[in-house]
1. Which residues, counting only those in the stretch 40-55, are assigned to a strand (DSSP E or B) and without any contact (Cβ under 8 Å) to a residue 24 or more places away in the chain?
2. Against the condition touching a residue at least 60 places away in the same chain (Cβ under 8 Å) and more than 13 Å from the chain's Cα centre (by Cα), how does residue 116 come out, does it pass?
3. For the stretch 77-113, give me each residue that is surrounded by fewer than 17 Cβ atoms within 10 Å (Cβ to Cβ), more than 30 Å from residue 181 (Cα to Cα) and touching a residue at least 40 places away in the same chain (Cβ under 8 Å).
4. Given the options 134, 145, name the one that is within 20 Å of residue 65 (Cβ to Cβ) and without any contact (Cβ under 8 Å) to a residue 24 or more places away in the chain.
5. Filter the stretch 58-76 down to the residues that are in contact with a helix residue (DSSP H, G or I) (Cβ under 7 Å, 6 or more places away or on another chain) and in contact (Cβ under 8 Å) with a residue 60 or more places away in the chain, then identify the one that is surrounded by the most Cβ atoms within 10 Å (Cβ to Cβ).
6. Filter the stretch 128-158 down to residues that are crowded, with 18+ Cβ neighbours inside 10 Å and in contact with a helix residue (DSSP H, G or I) (Cβ under 6 Å, 6 or more places away or on another chain), then give me how many there are.
7. Within the stretch 116-127, which residues are touching a helix residue (DSSP H, G or I) at 6+ places or on another chain (Cβ under 7 Å) and surrounded by fewer than 20 Cβ atoms within 10 Å (Cβ to Cβ)?
8. Please go through (1) exposed (fewer than 14 other Cβ atoms within 10 Å of the Cβ); (2) in contact with a helix residue (DSSP H, G or I) (Cβ under 9 Å, 6 or more places away or on another chain) for residue 166 and return the number of the only condition it doesn't satisfy.
């Protein structure tokens, strides 16, 4: 087969490749995490909370600057700019986690679940006794967009993680405080 015939054969496959590319893109968008407009805080708390976007915007928001988003291998996947957020601890404090004895707090863990059932877990000690707890946020503004305009709402980021990919949670639907049995 000469080079002209090879070129003609290759050109025949271009429309199929383009169709495959667009179909896979549509499929990926179809399987995106459904954005949420609110979430519930429940479990071992005095006050079960049902928070929506307006409720979040009433809480104290911190300016977090720009944040590099890295996957589990440490590869940078992008930079989120102009981030503002509400501290996860502030939300949990509003719900008032309670224990019969102070030592029980060491048995508590917090489960964050997204609309697609993706789950992240933090221990009570991790949030309240380490630097990590000072850097976990529910994002209220990113890339110049308010939370109600963000396609990944409601987004939770742990800025203290070396590789943020595993705890980059989109579409927050619920937060549950539980105890190890």
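1. Matches in the stretch 40-55: 50, 52.
2. no
3. 77, 81, 82
4. Of the residues listed, the single one that is within 20 Å of residue 65 (Cβ to Cβ) and without any contact (Cβ under 8 Å) to a residue 24 or more places away in the chain is 145.
5. Of everything passing the filter in the stretch 58-76, 70 is surrounded by the most Cβ atoms within 10 Å (Cβ to Cβ).
6. 7
7. If the condition is that a residue be touching a helix residue (DSSP H, G or I) at 6+ places or on another chain (Cβ under 7 Å) and surrounded by fewer than 20 Cβ atoms within 10 Å (Cβ to Cβ), then 120, 125, 126 are the ones that fit.
8. Result: residue 166 fails condition (2) only.
The values are calculated or read from the model by the stated rules, or taken from the named source; none is laboratory data. Values in this document were obtained by computation on a predicted structure and should not be read as measured data. FYI the Cβ positions are ideal-geometry reconstructions off the backbone, even for glycines, and counts take in every protein chain you see.
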